[in-house]
Amino acid sequence: MSLDDISWDDINRFSAECYNIAEGGTMQLRKAELRYHLTAHDYAQLAAWRLALRTFLRFSERAAAEVGLAAQQYQALLVVRGWAEERPVTISDLARELYIKHNSAVGLVDRLVQQRLLTRAISSADRRKVELTLTPHGRTILATLAALHRRELRRLGPVFKRFFADISRR
């Protein structure tokens, strides 16, 4: 089942069915659900949101694979290109942004340098740091993937918008 197969009407219908389980009776909620005011609709919304996120992530993994990258490599290129600070991005910054260990970031950068997507240079300000820059080839690959991702987000945007509108009303 894909995100396109699920509508908010389906979620609402699922919620209503959960409440009317036994001969029109109401479903007995557990203490935690009562304490946090959680309904079957809330769970259905969260499940649909998770499906939407996974759908996007699956799309991202496949798009990256089509150009010969792992999803994490695409994310690394995105971090380097999107770095907004005044100083260049370092391997430590990349590790922090991707929630990976420094040594994993080093291996990731090694592979991206080998593919001629990134360059690295010792920092002139601090020789202990390595600064990262996209190559022209890296910029081309990243721009192609970013355009595909923006298009997919525009497609999924109405679903995300409905989710946030619905959840903010509750």
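The values are calculated or read from the model by the stated rules, or taken from the named source; none is laboratory data. Worth saying up front: this structure is predicted, and the values here are computed from it rather than measured. When we count neighbours, we look across all protein chains shown, and the Cβ atoms used for this are built from the backbone with ideal geometry, even at glycine. Calculation scope for accessible area: heavy atoms of the full protein, side chains included, ligands and nucleic acids excluded. Shrake-Rupley method; radii C 1.70, N 1.55, O 1.52, S 1.80 Å.
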**Prompt:** Is it the case that Arg120 is surrounded by 15 or more Cβ atoms within 10 Å (Cβ to Cβ) and farther than 17 Å from Leu57 by Cα?
**Reply:** yes
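To keep it simple, each residue is scored yes or no on (1) touching a residue at least 40 places away in the same chain (Cβ under 8 Å); (2) open to solvent by less than 50 Å² (accessible area, probe 1.4 Å); (3) closer than 30 Å to Val159 by Cβ.
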| site | (1), (2), (3) |
| --- | --- |
| Arg30 | no, no, yes |
| Arg35 | no, no, yes |
| Thr55 | yes, yes, yes |
| Ser60 | yes, yes, yes |
| Ala63 | yes, yes, yes |
| Thr90 | yes, yes, no |
| Tyr99 | no, no, yes |
**Complete:** With the first residue restricted to region 141-170 and required to be touching a residue at least 24 places away in the same chain (Cβ under 8 Å) and part of a helix (DSSP H, G or I), and the second required to be open to solvent by 30 Å² or more (accessible area, probe 1.4 Å) and of a type in the set (Lys, Arg), Cβ contacts under 9 Å at 6 or more apart or on different chains are Leu142/Arg81; Ala146/Arg81
**Request:** For Arg127, indicate whether it is open to solvent by 100 Å² or more (accessible area, probe 1.4 Å) and either hydrophobic (A, V, I, L, M, F, W, C) or closer than 30 Å to Asp42 by Cα (or both).
**Result:** no
**Asked** Which of the residues belonging to region 67-80 are in contact with a strand residue (DSSP E or B) (Cβ under 6 Å, 6 or more places away or on another chain) and more than 13 Å from Leu98 (Cα to Cα)?
**Response** none
**Message:** If a residue must be closer than 19 Å to Arg50 by Cα and open to solvent by 30 Å² or more (accessible area, probe 1.4 Å), how many such residues does region 130-149 contain?
**Reply:** 0
**Message:** I'm trying to understand the selection: among the residues of region 61-110, which are small (Gly, Ala, Ser), within 19 Å of Arg150 (Cβ to Cβ) and out of contact with any helix residue (DSSP H, G or I) (no Cβ under 6 Å at 6 or more places or on another chain)?
**Reply:** Ala65, Gly82, Ala84
